[in-house]
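A quick write-up on the structure given underneath.
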Amino acid sequence: MVTFNLAYTAPINPAGATPALTLAQVWTGLQRKVHRAQEFVPVIEECNVLSEETVEGTGNLKVTREVRFKAGSEPASGAGGTLVKEVVVHYPPCRVDFEQPDGSTIANIVSQDADGELEMTYAFEWRYPGVKEGSDEAKALEEKSWKMAKIAVHGTIDTIRRFVKDGEI
């Protein structure tokens, strides 16, 4: 088995980006992403929310959903075209955690840099049970994972900004 732990961070409001997004707008966008993943993640074709509940003791929202990844873009926990069940927990107003059946996890984190500017980080733990450490397949998967991380962060920021421009957020 091979496991990749990686994270990618980008500024939410780089120079020239309009409109500038607020933390509240970004949080609203991340909540929407949980329910409508296909609007934010190009490799997801479908998203169905199965249940929502409040976590006792914390009050955090826990969503169980199924997502369908496009063939060739799926994580280790799902073959293209099959539904993958994810458990998603909200940590307002700065983090959403996703857990997949094989134990792979993704955290969507909104933070501030030293100057107080908003940043978005996606941290991943991708598990590939059938892949041998150091193999050519592992190297290709790691490269693919880095590319997907960058696309996911920028795609989410761009989508939230578009929804704000269109008055949907």
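Assorted remarks:
- Taking the C-alpha atoms only, the angle from helix 136-165 to the longest principal axis of the chain is near 20 degrees.
- Choice from 57, 116, 134 with maximal GNM fluctuation in the chain (Cα, 10 Å cutoff): 57
- Dipole check for the range 81-169: with +1 at the C-beta of Lys and Arg, -1 at the C-beta of Asp and Glu, and the Cα centre as origin, the magnitude is about 240 Debye.
- Candidates 63, 110, 55, ranked by Gaussian network fluctuation over the chain, Cα under 10 Å, top entry: 55
- Selection from 123, 154, 109 lying farthest towards where the dipole of the range 102-169 points positive, charges on Cβ: 154
- Rg(Cα)/(2.2 N^0.38 Å) for the range 84-137, N = residue count: 1.47
- Restricting the calculation to Cα atoms, every distinct pair contributes to the Kirkwood radius of the chain, found to be 16.6 Å.
- Hydrodynamic radius (Kirkwood) for the range 28-126, which is based on Cα pairs only, to one decimal in Å: 14.1
- Within the chain, helix-based [θ] at 222 nm, where runs of 4 or more DSSP H residues each add -39,500 (n - 2.57), nearest 500: -9000 deg cm²/dmol
- Among 53, 45, 125, the residue with the largest mean-square fluctuation in a Gaussian network model of the chain, with springs joining Cα atoms closer than 10 Å, is 53.
- Given charges at beta-carbon only (K, R positive; D, E negative), |dipole| of the chain in Debye: 320
- For the chain: accessible area per residue (Å², 1.4 Å): 50
- As a fraction of the 1.4 Å probe accessible area of the range 1-147, surface on carbon and sulfur atoms comes out at 51 percent.
- Largest to smallest in accessible area, the residues 166, 102 fall in the order 166, 102 (1.4 Å probe, all protein chains included).
The values are calculated or read from the model by the stated rules, or taken from the named source; none is laboratory data. Quick caveat, the model's predicted, so the values are computed rather than measured. Ideal geometry is used to build each Cβ from the backbone, glycine not excepted, and the neighbour counts take in all protein chains shown. Heads up: the accessible areas ignore ligands, DNA and RNA and are worked out on the full protein's heavy atoms, side chains in. Shrake-Rupley method; radii C 1.70, N 1.55, O 1.52, S 1.80 Å.
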